[in-house]
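Data block below; observations after.
The values are calculated or read from the model by the stated rules, or taken from the named source; none is laboratory data. Bear in mind the structure is a predicted one, so any value in this text is a computation, not a measurement. Note that we place each Cβ from the backbone using ideal geometry, even for glycine, and neighbour counts take in every protein chain shown. Remember, those area values only see protein heavy atoms, side chains included, never the ligands or the DNA or RNA. Shrake-Rupley method; radii C 1.70, N 1.55, O 1.52, S 1.80 Å.
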There are 2 protein chains.
Amino acid sequence: MGSEPPVRAGAVLDIDLGAIAENWRSLAALAAPAECAAVVKADAYGLGMEPVSKALAQAGCRIFFVASLDEGIALRRLHPQPIEIAVFNGPLPGTAREFPAFGLSPVLNDPGQFEDWALVASSKGALPALFHLDTGMARLGFSLREFDAFIARGLSNSMPWRGFISHLACADDPGHPQNDEQKQRFTAARARFPACTASLAASCGIFLGRDYHFDLVRPGAALYGVNPQSGNSNPMRPVARLKARIVQVREVDRGARVGYGAAHLMARPGRLAIAAVGYGDGWPRSMSPRGCARIGGKRVPVIGRISMDLSTFDVSAVDPSLARPGAFIDLLDEEYGVDRAAADAGTIGYEILTALGRRYHRIYRGFEG
Amino acid sequence: MGSEPPVRAGAVLDIDLGAIAENWRSLAALAAPAECAAVVKADAYGLGMEPVSKALAQAGCRIFFVASLDEGIALRRLHPQPIEIAVFNGPLPGTAREFPAFGLSPVLNDPGQFEDWALVASSKGALPALFHLDTGMARLGFSLREFDAFIARGLSNSMPWRGFISHLACADDPGHPQNDEQKQRFTAARARFPACTASLAASCGIFLGRDYHFDLVRPGAALYGVNPQSGNSNPMRPVARLKARIVQVREVDRGARVGYGAAHLMARPGRLAIAAVGYGDGWPRSMSPRGCARIGGKRVPVIGRISMDLSTFDVSAVDPSLARPGAFIDLLDEEYGVDRAAADAGTIGYEILTALGRRYHRIYRGFEG
C-alpha cells in the first residue's frame, strides 16, 4: 500500500483512496434509499480527479458532479457512459452544444441557460438536464419569480428532466432557520417536477436528517474527510496526510529574530527546524503564527512567517534524532486534519484541500485501479 | 499577441511575458554593473516556469534560482548549459549526487550539506556550489558561529565556490535597522570568500541602494509585477491579468440573504453577477468581504462569501449590457493588481501569484519563443 517517497521529495501528500471510497459508502448507507452521487469538481477538491473518481466509481458511484464544462469533458474521458456527469455551472453562452458532444448533463440555472439548452436538447447525444431552483442561497439557480413564470408558461413540460435540484446555504449550522425554509420551498416546488429526481443535500445537508435526502444526495467535502457536522466529532475517515522534509536545523539564541519582517522574537534559546513547505505549496501564509505541525506526535509550533518554499518550527522540545535534516514533519495527520488546519489558518477545510499544491510528491493508497 | 479564450473558459489568466522581460531588463539596468539573475521557483511564482524562463533567457538572463532539486531538474530540461541553475534548498540527505547529474549548483546551507557535497564536489559534471551565510533571517544558511568554525578549519579553501550569498529579512521596509545590520555582517564575512560572486539582494533589496547590490542580484517577485517598494508607486510593469466569466445575473430583493452562511444581507434591492471563479481557483476565500472586481472599469464589490467555484458581485450600478452571462469581470488588471488584491485578502502579492489556479485558461503574450 503506497510507496516510499524519493529522497528528493521535499513534501509528501498522501491520499487514502480507500478512505474516500469508505466515506462514500457510509454516506450512501446513511442516505439510502436516496441515491448517492459524488462531487469531484476542483480536481476532486485538490486531491486528483482521475484517481479519486476511479476509486469512487469502483465503490459504486454512478453520478458525478463537476463545476465546469472543461471538468466534465476531462471526467468523461476517464469514464464512459453509463456513468453520469452533471455540470453545476451549466452552459455558458455559446457552449450548449458541447454537452451532447461529450455526454454531459447540464444543470440549467436561469431562463437564459434554459433557452440555450432548448435549442440543442433534442440533438444526438443530448441527455436530460437538471433544473436548479434557488431556494435562498442567491447564487446560481432560477429565482422563485423566474420559476413561477417558467411553470406558468408550461416550460417544465417542454423536455425531459434528469433532476430538480437546489443548494442549502447554511447546512453546516444545523440550527439555522434557513435550512428548514429552503427545504420547505424546495418541497413545494418539486411538486411541479413530479417524475424527476429531487436533490437538495450536499455533505452537510445529509446530516440534517432524512427529510433533507429526497432522491439523491451530492456529497463532496465529506468524501475528502472534511467534518460535515462542525462542533460534533467527525464521522468521516481522514483522507489527506501531508508531511514535509526538514532541510536544516538551527540553534538560535535568546533575543534572536526569526523570519521575514523579523516578526518573531525568541524569548529563550531554542532549536528551529526549517521544512520544505510554504505558501507556494498552498500551505497558507495565514497559518502563521497560530499553526503547528508534529514530529513523532509532539506538537511543534510555526515560528515567524511562513515563506514561499519554507516554514520554520520550534523543535526545542523534540528529540534531535527525530528533528534532523531529511526527517519528516507532519502537517496533516489523523490528529490534526484539514478542519483543525483550517481553523488555525482562518479558513475552512475545503480551502485547505483545494489549495494543496503541485510541488508535493503524491502517494495514492488504498485502491488498486 | 495573445489569442481569444474559448467560449467555455470560465476564467482567463493573461500573462504578459514581454512585461516580465522588461521588468528583468529594468532591474538589470538598475543593478548594473552587478549581474542580474532571476528567481523562478514555485513554477515562476505561479505563472509557469517554462514560458517565463524562456522569455527571461531570451531577455539575457543567464542565472536562474529555484527552490528544490526537482525544480532544478525540470528547469535544466528546458535550458542546456551554460545557463546556470542554482538550488536554494541545497542537497537534502541522499541527493547530493543528483546535482552533478543534472548540472545544478547547490546552495550549501549548513555544515551537513557541506559535508554531503564535499563527497561529490569533484565528480564529473559537478559545478561549484554557493555558500549561504545567515546574516539575521534565521531561516536557511550557516549561522555566524558555524561560519566562524568553518573558516577556522580552513574549509572555505577546500573547494571552488560559485557564490557567497545571504538573504534579507526586512528589505520590504527600507527603514528597518536590520537591513543595515545584515549588510554589515555580509560585507565582513564575504572578505573570507574574496574571489567569489557575492549576492545579498532579492527584489526589495535591489531598491535599498547600490551598496546592497554586490556582484549579483536575484529578483523574483518584482519580475512578476509585485511592488518591491511598498508605500511607493510601483516601478514594475504589471504582468498578470485575471478575468472570470459571468455565469448568471440575478435580481435580489431588499432583505435577501446572499451566499453561504446567509452572510450578506441586501440593504436594498440589487442585481448580482455570479462569476466562474472561487477559492478552488486560488482566488482567496479571505477576499470576502473586502474584495472587489471591475466591469468596464467600474468597481463591483464581492457580496457574501467566496465559494469554491463561484464568486458573487454587486453589479447594480453597471450597465446590464456589460454585466450579462458570458461577459467578463476583471479580477486583476492595471488598476487593481496583485498588491491591492493581496491587501484586500490579508496577504502579500507573492501569495496571490503562487495561488493562481490550474483551472484558468492561460494566455501568454508578448514573447515569441
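Excluding ligands, DNA and RNA, what is the solvent-accessible area per residue of chain A at a probe of 1.4 Å, expressed in Å²? Please list the in-between numbers first.
On the way: 13720 Å² over 369 residues.
I get 37 Å² per residue for chain A.
Beta bridges assigned by DSSP with both partners in the protein assembly as shown are antiparallel in approximately 50 percent of cases. The mean number of Cβ atoms from other chains found within 10 Å of a Cβ in peptide A:88-95 is 6, as a whole number.
So what is the relative contact order of segment B:33-224, in percent, for Cα pairs below 8 Å that sit 6 or more residues apart?
Relative contact order comes out at 19 percent.
Please report the relative contact order for chain A, taking Cα pairs under 8 Å with a sequence separation of at least 6, and give it as a percent rounded to a whole number.
It comes to 19 percent, rounded to a whole number.
A simple charge model with +1 on the Cβ of Lys and Arg, -1 on the Cβ of Asp and Glu and nothing else charged puts the dipole of segment B:240-365 at about 240 debye relative to its Cα centre. Loop-located GluC sites (Glu not before Pro) across segment B:289-369 with a Cβ neighbour count of 15 or fewer within 10 Å are B:Glu334, B:Glu335, B:Glu368, with loop assigned by DSSP.
Counting Cβ atoms of other protein chains within 10 Å of each Cβ in A:264-274 and taking the mean gives 1.
Across the alpha-carbon atoms of chain A, the computed radius of gyration and Dmax are 23.4, 77 angstrom. Computed per residue of the protein assembly as shown from DSSP H runs no shorter than four, each worth -39500 (n - 2.57), the mean residue ellipticity at 222 nm is -7000 deg cm²/dmol.
Under 23 Å of direct C-alpha separation, and excluding same-chain neighbours fewer than eight residues apart, A:Lys243 reaches these lysines: A:Lys298, B:Lys41. Per-residue SASA remark: A:His79, around 10 Å² accessible (1.4 Å probe; ligands, DNA and RNA not included).
By the scheme Lys and Arg +1, Asp and Glu -1, what is the net charge of all other residues having a beta-carbon under 10 Å from that of B:Ala327? Walk me through the intermediate numbers first.
On the way: positive: B:Lys243, B:Arg245, B:Arg324; negative: none.
Net of charged neighbours comes to +3.
Surface burial for B against A, with a 1.4 Å probe and both sides summed, reaches about 5900 Å² of accessible area. Taking a Cβ cut-off of under 15 Å around B:Tyr212, the surrounding Lys, Arg, Asp and Glu residues balance to a net charge of -2, with basic ones at +1 and acidic ones at -1.
Ranked from shortest, the separations from the 7 Å Cα-to-Cβ label point of B:Pro320 to its equivalents in the other copies are 7.4 nm. Anyone know which of B:Lys41, B:Lys243, B:Lys124 comes out most mobile in the 10 Å Cα GNM of chain B? Result for chain B, Cα springs under 10 Å: B:Lys124 fluctuates most.
Placing one equal scatterer on every Cα of segment B:240-365 and applying the Debye formula, the log10 ratio I(q)/I(0) at q = 0.10, 0.12, 0.13 Å⁻¹ is -0.28, -0.40, -0.47. Once Rh for segment B:206-273 is found with the Kirkwood sum over Cα pairs, what is the Stokes-Einstein diffusion coefficient at 10 °C and 1.306 mPa s, in µm²/s? Calculated translational D: 96 µm²/s.
Across the identical copies, the 7 Å label point of A:Ala267, projected outward along Cα→Cβ, sits 4.2 nm from its counterparts, in ascending order.
Around B:Gln81, under 15 Å between beta carbons, what's the net of Lys plus Arg minus Asp minus Glu among the other residues? With Lys, Arg at +1 and Asp, Glu at -1, the net is +4. Rounded to the nearest 20, the size of the Cβ-charge dipole of the protein assembly as shown about its Cα centre is 160 debye, with Lys and Arg at +1 and Asp and Glu at -1.
What nm value, rounded to one decimal, do you get for the distance between A:Asn157 and A:Leu119 when each label is placed 7 Å out toward the C-beta? Result: 2.7 nm between the two label points.
Remark: spin-label model distance B:Ala188-A:Ala195 equals 8.7 nm, labels positioned 7 Å along the Cα→Cβ axis. Ranking A:Ala341, A:Val300, A:Tyr224 by Cα position along the charge dipole of the protein assembly as shown, where only Lys, Arg, Asp and Glu carry charges on their C-beta atoms, puts A:Tyr224 farthest toward the positive end.
May I ask you to order B:28-34, A:61-67 by the average number of other C-beta atoms within 10 Å around their residues, highest value first? Walk me through the numbers on the way to the answer.
Details: B:28-34: 15.3, A:61-67: 23.6.
Ranked by mean Cβ neighbours within 10 Å, highest first: A:61-67, B:28-34.
Counting protein heavy atoms only, chain A has 51 percent of its accessible area on carbon and sulfur, 1.4 angstrom probe.
Per-peptide packing, taken as the mean over residues of other Cβ atoms within 10 Å, places A:50-59, A:228-237 in the sequence A:50-59, A:228-237 from highest down. Counting 0.36 nm for each residue step from A:Arg62 to A:Arg254 and taking away their Cα separation leaves a gain of 63.2 nm. Sorted shortest first, the separations between the B:Ala29 label point and its copies elsewhere in the assembly read 7.0 nm; each point sits 7 Å from Cα along the Cα-to-Cβ line. Look at the stretch A:181-188: the mean tally of other chain Cβ atoms within 10 Å of its residues' Cβ atoms is 0.
Where in chain A are the DSSP H helices whose alpha-carbon span along the long axis reaches 18 Å or more and whose Kyte-Doolittle mean is at least -0.5?
Details: long enough: A:17-31 (21 Å, 0.75); A:177-190 (20 Å, -2.13).
Going by DSSP H runs, the hits are A:17-31.
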